[in-house]
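A.B. asks: Okay, handing you the structure first.
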Amino acid sequence: MSIFDEIKKKLSHEFIDIIEWLDSSNDTIVHRFERYQNEIKNDAQLIVREGQIAVFINEGQLADVFKPGTYTLNTKNLPILTTLKGWKYGFNSPFKAEIYFVNSRLFTDEKWGTKNPVTLNDDRFGFVEVRAFGTYAFKINDAGKFITDIVGTDNNFTNFEINEHLKSLISTRFTDTIGEANLPIELYAANTTELSDTCLEVMQPEFISVGISLEKFFIENVSMPEELKKEIFEYSRLNKLDLDKLTKFKAAKALEIAAGNESGAAGAGIGMGMGFAMAQQMGGMLNPQTQNTNTTTPQQTNTNTPPPLPQQTQYFYAANGQQLGPVSFEGMSHLFAARTVNATTLVWKQGMTNWAALNTITELQALLGSVPPPLPNK
């Protein structure tokens, strides 16, 4: 081989077009490969490293996508771009195309939180406000869709740019999820794992729709106002209170106090009696049913406790061949006014043997209006 052949061989290796991206940052998601007028030589070498995906864009239209590996760019490796360019007989060299390198690694420990308090309606405490925060992890699972739908023509797209969008999406879906969960307010903080799994499942489709996969989602804390916390703790203690132990505790404290008084045994007796009286009084307030079950004579009945309200009669009615109900008298009145039922509608209530027309039931006859009966025959 002559010296000129060696020179030609060396020059050919030096002028091979190499397309690659060495990421020196930890936050870049998409990097556009910059080239003067986007010109690429025929048989250029494309190097896609692990954790990267290369995407070719032709005049704003998605073309070929390359996973990790080394490729020689020609009509064989660029079938879509070849079709778009109309290369029937091979490349026109150089050719033009935009090349984007997408970081496909897992982006972890991304922070999220509710910007404003979330208002919930609790059965015992009414409307309450809670806040929440946590972390999530995501990665790009469809590079082409992500570039066309999110990145556009941005030449260096970072996770900071997408995180603002993702945080807003997470906050909205989190609010919807905990609102639909309808748990007692104290259980939100105790069930963060279950809520995290539910939120992940709810949010995943919206992430997928823009080429992103939500890999992990964690709720680290659900907080509420300090005043509400105190109320919940007091309610919890009261709910689990052992009245028998409370009575013994009060009696023991009364004896201890009485023993320290100068009145001695008499004071002890008075103190013990007061202790039992206080315990019984508190037990009666916390558990009035226990007090009523121990009643032996009418004179001992607590006259301050009203009797239970009488139960309203419930009616079933027939409409279109179906049994409907039960409804109260007021409900029947609304149905009659709306012409859903009439005087001949079959009705049944507890205690009746068979169904009967509405106008034959004494209390329901009032719905028919003040129509006088016919005059008696003379």
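Bear in mind that the values in this text are calculations on the coordinates, not laboratory data. Being a predicted model, the structure only gives us computed values, none of them experimental. With ideal geometry, Cβ positions are generated from the backbone for all residues, glycine too; neighbour counts draw on all protein chains shown.
A.B. asks: Beta carbons within 10 angstrom, averaged per residue: use that to sort the peptides 99-109, 349-359, highest first.
C.D. replies: 99-109, 349-359
A.B. asks: So who's got an amide H within less than 5 Å of the one on Ala357, skipping anything under 5 residues away but keeping other chains? H placed 1.01 Å off N, in plane.
C.D. replies: Residues meeting the amide H criterion: Val347.
A.B. asks: Another question, if that's okay. Going by C-beta contacts inside 10 Å, put Ile361, Ile18 in order with the fewest on the left.
C.D. replies: Result, fewest neighbours first: Ile18, Ile361.
A.B. asks: Rounded to the nearest 20 debye, what is the charge dipole size of the range 107-229 about its Cα centre when +1 sits on each Lys and Arg Cβ and -1 on each Asp and Glu Cβ?
C.D. replies: Here the size comes out at about 180 debye.
A.B. asks: What FRET efficiency do you get for Glu34 and Arg131 if R0 is 45 Å and r is their Cβ-Cβ distance, rounded to the nearest 0.05?
C.D. replies: My answer for the efficiency is 0.55.
A.B. asks: If you count, for each residue, the other Cβ atoms within 10 Å and average over each peptide, how do 189-202, 132-145 line up from highest to lowest?
C.D. replies: Top of the packing list down: 132-145, 189-202.
A.B. asks: Taking 0.36 nm per residue of separation and subtracting the Cα-Cα distance, what length does fully extending Asn77 through Leu106 add?
C.D. replies: Result for the pair: 7.7 nm of gain on full extension.
A.B. asks: Under a crude label model (7 Å from the Cα following the beta-carbon direction), how far is Lys67 from Lys41 in nanometres?
C.D. replies: 3.0
A.B. asks: Taking θ = phi - 60°, what integer Hz values does the Karplus form 6.51 cos²θ - 1.76 cosθ + 1.60 yield along the range 59-72, in sequence order, with x for Gly and Pro?
C.D. replies: Values per residue, Gly and Pro as x: 6, x, 10, 5, 10, 8, 10, 10, 8, x, x, 10, 10, 9 Hz.
A.B. asks: Of Ile212, Phe95, Ser168, which is farthest on the positive side of the dipole of the range 91-222, counting Cα position, with +1 on Lys and Arg Cβ, -1 on Asp and Glu Cβ, and the Cα centre as origin?
C.D. replies: Among Ile212, Phe95, Ser168, the one farthest towards the positive end of the dipole of the range 91-222 is Phe95.
A.B. asks: Gain in length, Gln312 to Glu201, computed as 0.36 nm per residue apart minus the alpha-carbon separation, to one decimal in nm?
C.D. replies: My answer for the length gained is 35.4 nm.
A.B. asks: How large is log10 of I(q)/I(0) for the range 315-368 at q = 0.22 Å⁻¹ when the intensity is taken from the Debye formula with one equal scatterer per alpha-carbon?
C.D. replies: -0.75
A.B. asks: May I pose another question? What list of ³J(HN,Hα) couplings, whole Hz, do you get for the range 212-217 from phi and the Karplus terms 6.51, -1.76, 1.60, once you set θ to phi - 60° and write x for glycine and proline?
C.D. replies: Using θ = phi - 60°, the values come out as 10, 10, 7, 7, 9, 8 Hz.
A.B. asks: Right, something else. Could you work out how far apart the two model spin labels at Ile208 and Leu324 are, taking each label as a point 7 Å from the Cα in the direction of the beta carbon, and quote it in nm?
C.D. replies: My value for the distance between the label points is 4.2 nm.
A.B. asks: Then there is this: What nm distance separates the two modelled labels at Gln365 and Ser25, each placed 7 Å from Cα along Cα→Cβ?
C.D. replies: Result: 8.8 nm between the two label points.
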